[in-house]
């Protein structure tokens, strides 16, 4: 079916089916907005974007496979005309800065109302940004990661559930070295343990 030129073409990517369908329903009520595709994960979002060429991608920040920030970075390269609007809870300042660097042009809470969602889509489609003042200030105040590149790599693998043995094998280092990197990362982040270190680094956008 042909889409009128004056309608904003939207891709909606959200792994929670109920929320995704609700958002699609809300946007479908707007006469100038049409949802041309839906996706439940990052790879699906990228495939749908390639096929349907949306003007705006409304993307959950946390999805199976590629997350919203990774999707935004790929779309910036492959489909620069597609503007990315992130759905999220309360992102840390580092996460906001990372998202902006990836080409994200807006943030919306998942509890957003119909009118606010539609207005945000129109704003980014017309070349504007949707960034709450508190998030903008937080991004400006974001600190640089204290982790070295190797510590970041080790912690990123730990975030997938990998233990020291698996990390050592993947990075071609010894078991003891892998444990030392993990210990150093935990110490630098003032974390309670490895899991807490992953949480802190993720919230800050360092992984």
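Structure above, values below:
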quantity	calculated
Among residues of region 151-181, those that are over 24 Å from residue 62 (Cα atoms) and part of a helix (DSSP H, G or I), counted	14
When residues of region 110-129 are limited to those that are more than 18 Å from residue 30 (Cα to Cα) and surrounded by 13 or more Cβ atoms within 10 Å (Cβ to Cβ), the one modelled with the lowest pLDDT	110
Any hit, region 130-150, residues being modelled with pLDDT of 90 or more and exposed (fewer than 13 other Cβ atoms within 10 Å of the Cβ)	no
Residue that is under 15 Å from the mean Cα position of the chain (by Cα) and in contact (Cβ under 8 Å) with a residue 60 or more places away in the chain, where the choices are 71, 10, 58	58
Answer residue from region 75-87, given it is surrounded by 19 or more Cβ atoms within 10 Å (Cβ to Cβ) and not in a loop (DSSP other than H, G, I, E, B) and is modelled with the lowest pLDDT among those	87
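The values are calculated or read from the model by the stated rules, or taken from the named source; none is laboratory data. Bear in mind that the values here come from a model prediction, so they are computed numbers and not experimental data. Reconstructed Cβ throughout: ideal geometry from the backbone, glycine too, with neighbour counts over all protein chains shown.
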